[in-house]
Amino acid sequence: MGGIPTSSMSDVAFLLLVFFLSTTKFDIKKGLGIVLPPASTKADKRVKLKDENITKVLINKEGEILLKTKDSEEQISMAKLKSRIRTLVKNNPDMVISLKTDRKSKYKYMVMVLDRLQAAGAEKISLSTN
Amino acid sequence: MAKFVKKNKPESAIPTASMSDIAFLLLLFFMVSTVFVKERGLKVTMPRAESIQKIPRNHSATIYVNSAGTISIDDFPVEIPQIAGIMNSKLAEDFNLITCFRTDQNTSYGIMSDILNQLREAECLRVSFEAKLKR
């Protein structure tokens, strides 16, 4: 008989399958997207915003958050931030959230706050530092 | 006396003829979906977040920043002032480039801020902060 033996074909296939199963690593990238403003220093490209359209969120090096609007200033916990921002954005769709993080603050605090801002539906977010 | 022919019992064997087909199908799937990691990067513990979105892999460039503040692009350690030049050349290759940050959660934000300023200079304005899904 001159045929190729096919009985061990599945063995070979399964062996290869096991190899690929064990080596495959699904590396799906996931993250918080944001678009940066261009590095323009020209005065004519700068947009002056009204004070009532700006909410400042400040993070210090200990990770404490200060929420500053036109007429109020309060220290807020991470848990309450989302609902607070949600109401602010709901009341004023033009609201720009300025996220200012201390240079010595940990990166995770900034990501946590940014996550909550995006979860609260804030679309206009600006990142800055002192 | 009439003879009753005993009915044959149904076969209980699992058909193995199509086994290799199934195996090859699975094999093909894994072969196609396997991505061999191109870069080693740095050891980082990424922060966790809820509202994360998928980043298209084919348009992404990754910047690694570990907790000590070491920055790596394409497995080469880089200094902050070099980033603008590197990213500018990457942007020239792919106009839809998204810069992904794989930054350790304990890195100080000052370094990130400096890198972001470099990216703004390089006109790489689409940025994504990679995070793991919070469960």
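Readers should treat all values here as calculations from the given coordinates under stated rules, not as data from a laboratory. Everything quoted here is computed from the prediction, not taken from an experiment. Using ideal geometry, Cβ is built from the backbone for each residue, glycine included, and neighbour counts are taken over all protein chains shown.
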Dipole magnitude of the protein assembly as shown, debye to nearest 20 (Cβ charges: Lys/Arg +1, Asp/Glu -1, about Cα centre): 1000
Separation between Cα centres of the range B:65-82 and the range A:1-35, rounded to whole Å: 34
Spherically averaged projected area of chain A from its Cα convex hull (nm²): 15.2
DSSP beta bridges in the protein assembly as shown [antiparallel fraction, %, rounded to 5]: 50
Most mobile listed residue (B:90, B:54, B:43) in chain B, GNM with C-alpha springs under 10 Å: B:54
Residue B:92-residue A:72 pseudo-label distance in nm [points 7 Å out on the Cα-to-Cβ vector]: 5.2
Of all DSSP beta bridges in the range A:49-129, antiparallel share, percent nearest 5: 40
For the range B:11-36 and the range A:73-130, distance of Cα centres in Å: 49
Dipole of chain B [Lys/Arg +1, Asp/Glu -1 at C-beta], most positive-end residue of B:31, B:91, B:41: B:31
Residues residue B:13 and residue B:82, FRET efficiency given R0 of 45 Å [Cβ-Cβ distance, rounded to 0.05]: 0.10
Stokes-Einstein D (µm²/s) once Rh is taken as the Kirkwood radius of the range B:91-135 over alpha-carbon pairs, at 37 °C in 0.692 mPa s: 279
Top positive-direction residue, dipole computed over the range A:1-92 with Cβ charges, set A:5, A:24, A:78: A:78
Nearest-0.05 FRET efficiency for residue A:25 and residue A:62, computed from C-beta distance (R0 51 Å): 0.90
DSSP-loop GluC sites (Glu not before Pro) across the range B:1-99, with at most 12 other Cβ within 10 angstrom: B:11, B:39, B:79
Stretchable slack from residue B:50 to residue B:36, in nm (0.36 nm times residue separation minus alpha-carbon distance): 2.3 nm
Whole-Å semi-axes of the protein assembly as shown's equivalent ellipsoid (Cα gyration tensor): 53, 25, 16
Loop GluC sites (Glu not before Pro), the range A:24-130, which have at most 15 other Cβ atoms in a 10 Å radius of their Cβ (DSSP): A:62, A:64, A:123
Unit charges on C-beta of K, R, D, E only; dipole of the range A:49-129, Debye: 260
Antiparallel DSSP beta bridges within chain B, percent to nearest 5: 35
Orientation-averaged projected area, Cα convex hull of the range B:48-133 (nm²): 5.4
Set A:30/B:134; A:106/B:134; A:25/A:82 screened for pairs whose C-alpha atoms are more than 22 Å apart: A:25/A:82
Candidates A:119, A:39, A:79, ranked by Gaussian network fluctuation over chain A, Cα under 10 Å, top entry: A:39
Contact order relative to length of the range B:58-135, as percent, for alpha carbon pairs under 8 angstrom and 6 or more apart: 37
